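Written out below as structure tokens is the structure these notes cover.
The values are calculated or read from the model by the stated rules, or taken from the named source; none is laboratory data. Not measured: the values here are computed from a predicted model. Don't worry about glycine lacking a Cβ; one is built from the backbone with ideal geometry, like all the others, and counts go over all protein chains shown. Note: areas computed on protein heavy atoms with side chains; ligands, DNA, RNA excluded. Shrake-Rupley method; radii C 1.70, N 1.55, O 1.52, S 1.80 Å.
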Amino acid sequence: MMENYQNLKQLFDGFFDQYINNETDSPLSLSIRKGAFEDFYRMGFPTNKIEKWRKTKLKDVLDLPYTINTSDRLRTQQQKSIFECEINNLDTDLFSLLNGWYEKSSENLLQGVIVCSIREAEQKYPELFSKYFDRMASDRSNGLIALNSAIYSDGYFVYVPDNVACNRTIQIVNVINATSRIFVNTRNLVIVGKNASLSLVHCDDSLSSFGSFVNNVSEFFVDEGGQLDFYKMQNKDEKATVITHNFVEQQRDTNTHANTITFNGGLIRNDTRVKLAGKGSHADVMGLYLVDREQFVDNQVKIDHAVSDCTSNQLFKGIVDENGRAIFNGHILVQQDAQRTAAYQSNNNIQLTDTASIDTHPFLEIYADDVKCSHGATVGQLDEDALFYMMQRGICERNARMLLMFSFAGQVIDHIKIPAIKNRISELVSRRLKGELSACESCELNCENPDSVMTFEIDMSKI
Amino acid sequence: MLEIKDLHVSIQGKEILKGLNLSVKPGEVHAIMGPNGTGKSTLANVITGRDIYDNISGEIIYKGKNLMEMAIEDRAREGIFLSFQYPVEIPGVSITNFMRAAMDEIYLYRGKKPMSGGEFLKYFNEKKQFVEMTANLANRSVNEGFSGGEKKKNEIFQMAMLNPDLAILDETDSGLDIDALRIVANGVNKLRTPENATIVITHYQRLLDYIVPDFVHVLYGGKIVKTGGKELALELEDKGYEWIKDHADIQL
Ligand SMILES: Nc1ncnc2c1ncn2[C@@H]1O[C@H](COP(=O)(O)OP(=O)(O)OP(=O)(O)O)[C@@H](O)[C@H]1O
Ligand SMILES: [Mg+2]
């Protein structure tokens, strides 16, 4: 399967050898790595022959030359600037991954909450690590997941003990800042204990524009009565590829809310799979994507209602301009025993140009009989009557379009539960729609005139 | 203020207005009546700049300027306001933000400094009381889920906010209950000054008891076929459009 990618093969082989000779990895993770590496070579990269990858042109980006960053010692001078990056300017406990490596040593936060590198977790918390690591990702449903398990460099580990409501939002910035095109495999593990709660913000950013391939796998376990809010913001450069697989497993009476906001990127694919494994649970999986130029954003969702009395809600909205392309695949699986399931899905798109393309595929697979399911997908244009109405009140066309797009996007943003994050995202969306937020402008490093004062034509703030 | 000469308008190959003339001076109220589908809303749309028509010819001069060459939003900023026959729902845009955006742009266009948040809010609340709009309605998205009457009330609220020089009310009375009709009509009357003008499109004489017109025009077959004083409305109510057809010398 890998014949076509000799360069990458060499790269991966070399990297893998390092691990095998590395004493810091436990026998468990070494055996996982070995097995996964074999799986990867057997499977190769996903190709367009696979139905779910039919429209994701991975080959184009895999044909490029990459390097792998094998050391966590690489630091850039301007590391501080990451923290000044627009998107990250939130009131949170901030941690970062740079080029695939965790940036700080472990930190025990108040309340016994742990945030550290996944490599450190493997050493320090072997029980937790061995119990949860690779439990869901071992499904190896595609080669990229196997590759990640085989050669992940690093990632974050977050643990909230039972009965702890983590009162600070934890934010992790996964940033790429390299001097060449790099291939990065990051691996994260998040565990929310019984009756515990956590809000986590994950940002995918890039500061350099040499191009990058981030292959990210995250596993989330939410134990009985637990609650997890997971916000992901993606603001990548146009040469960036990000492939994300999020696995979520929910025990009884749990509640999760996942919301992915994609501002910019080259080739972005987010695959979220939620297993509702305990009764009385609810999962929200939501997303907003703003796509223009030659950008490509692909959202894949699968919600597995494995037991009865659970609910789920998928809501994805997108605005696609110029030659942008967007894909949404939403899959609801209701297993035989999952009676009294309520599962909803909706995907709405605004297509601004004829050259933009949008594919949306709802997929319901239902084996139980007492089930409430609905799905709806729309692709439309901005409402001409509404535009005329607004312009008749004196609003220029550009702002009228802006207001309509902003309100469309707002229907996703409104679900964000933490006000500070909601306001920040709201502001960023408004700037993105005005063309003021692009990946290269969003941080001081690459910006010619940083901190130019923004003037708002429309005051969006609620008055 | 407004001079329309020999206006022809067609849509999808069908000529709707066939040589319409109308002259409106500051301080005047003109009522336009006429059967369904005769082109009343078309006239309102053409004045405000809706660009769905395949052919528009003739002349529309507003405050000495050629309206045909003016952008939709500039016509609005120059003081033309349309109370829509069918107000449009805009989900997710609150009336507050909508009006704020509109007023800011109008102020900028007129070279005035936009209001501060506090000033705006005060002004907004004044106008809300003006049309006796409930607080609840103002916090909602523009027209979303509003009843027919609430939508019309919201149009007049916006008119009060924007304080236009030329207001065109397209069947603002339809769908209003008796109390709402009185509130709306009172609102319109209170906004009248010797400098501004109003065109009222209606099917019913009832509204004209409240908003007393200086002129009543009958639009029929794409032209204004008869013009009179307020008593013409009464006569029409009494005799119907058949009577016009018989008495006005019109070629359809
Ligand atoms: N978008 C359109 N496409 C085709 N025909 C149209 C369109 N809009 C209006 N028309 C036609 O133009 C004619 C005039 O319509 P208009 O809405 O101006 O009538 P009106 O006098 O306002 O009627 P009413 O009293 O029912 O409101 C009608 O025959 C209508 O069907
Ligand atoms: Mg009409």
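For this structure, a couple of remarks:
- Kyte-Doolittle mean at least -1.0, axial Cα span of 18 Å or more - DSSP H helices of chain A: A:6-20, A:27-43, A:397-413, A:419-433
- Under 5 Å, built H, 5+ apart or other chain: amide partners of A:LEU364: A:ILE332
- Long-range HN-HN contacts of A:ILE191 with modeled amide H, under 5 Å: A:VAL158, A:TYR159, A:VAL160, A:PHE221
- Per-selection Rg to Rh, segment B:5-159 - Cα, Kirkwood hydrodynamic radius: 0.99
- Carbon and sulfur %, accessible surface of segment B:25-70 computed with the full protein complex present, 1.4 Å: 44 percent
- Rg [Å, one decimal], Dmax [Å, integer] - segment A:237-349, C-alpha atoms: 15.0, 46
- Secondary-structure-derived ellipticity at 222 nm for chain B, considering helices only, amounts to -12000 deg cm²/dmol, per-run term -39500 (n - 2.57) for DSSP H runs with n ≥ 4.
- Share of carbon and sulfur in the accessible heavy-atom surface of chain A [1.4 Å probe, %]: 48 percent
- The equivalent ellipsoid of segment B:1-71 has semi-axes of 19, 16, 10 Å, largest first, where each one is the square root of 5 times an eigenvalue of the Cα gyration tensor.
- The order of the peptides B:84-96, B:54-66 by mean Cβ neighbours within 10 Å, most packed first, is B:84-96, B:54-66.
- Taken per residue, the accessible surface of the protein assembly as shown reaches 40 Å², heavy atoms only and a 1.4 Å probe.
- In a reduced charge model with +1 at each Lys and Arg Cβ and -1 at each Asp and Glu Cβ, the protein assembly as shown shows a dipole moment near 260 debye about its Cα centre.
- The peptide list B:129-140, A:342-353, put in order of mean Cβ contacts within 10 Å with the highest first, becomes A:342-353, B:129-140.
- The angle between the Cα long axis of helix B:95-109 and the main principal axis of chain B comes to about 80°, on a 0 to 90 degree scale.
- Peptide A:404-416 shows a mean partner chain C-beta count of 2 within 10 Å per residue C-beta.
- Volume of the Cα convex hull of segment B:93-252, divided per residue and given in Å³: 143 Å³
- Rg and Dmax of segment A:290-382, Cα atoms only, in Å: 15.2, 46
- Reported to the nearest whole Å, the Cα centre-to-centre distance from segment B:165-181 to segment A:271-294 is 46.
- Average partner coverage of B:99-111, which counts Cβ from other chains inside 10 Å: 4
- Global size of segment A:155-277 as Cα Rg and Dmax, reported in angstrom: 15.0, 47
- Sequence-distant lysines (8 or more away, or on other chains) whose Cα lies within less than 26 Å of A:LYS194: A:LYS124, A:LYS131, A:LYS232, A:LYS275, A:LYS279, A:LYS302, A:LYS417
- Straight-line reach from B:LYS63: taking Cα to Cα under 27 Å and skipping same-chain neighbours fewer than 8 places apart, the lysines in range are B:LYS5, B:LYS18, B:LYS25, B:LYS40, B:LYS112, B:LYS113, B:LYS127, B:LYS190, B:LYS223, B:LYS226, B:LYS230.
- Buried solvent-accessible surface, both chains (B, A), 1.4 Å probe, Å² to nearest 100: 2500 Å²
- More than 44 Å apart - percent of Cα-Cα pairs taken over the protein assembly as shown: 37 percent
- Between segment B:217-239 and segment B:94-145, the Cα center-to-center distance that results, in Å: 37 Å
- Chain-alone versus full-assembly comparison, segment B:4-53, residues with accessible loss of at least 20 Å² (1.4 Å probe): B:THR48, B:ARG50
- Cut-off under 5 Å, modelled amide H: who pairs with A:VAL164 long-range: A:ALA196, A:SER197
- Take each residue in B:114-122, count the other chain C-beta atoms within 10 Å of its C-beta, and the mean is 1.
- When the Cα convex hull of segment A:152-192 is projected onto planes of every orientation, the mean area is 3.6 nm².
- Sorted largest first, extent of segment B:128-205 alpha carbons per principal axis (Å): 34, 26, 18
- A:ARG340 accessible area, assembled protein chains, probe 1.4 Å, Å²: 130 Å²
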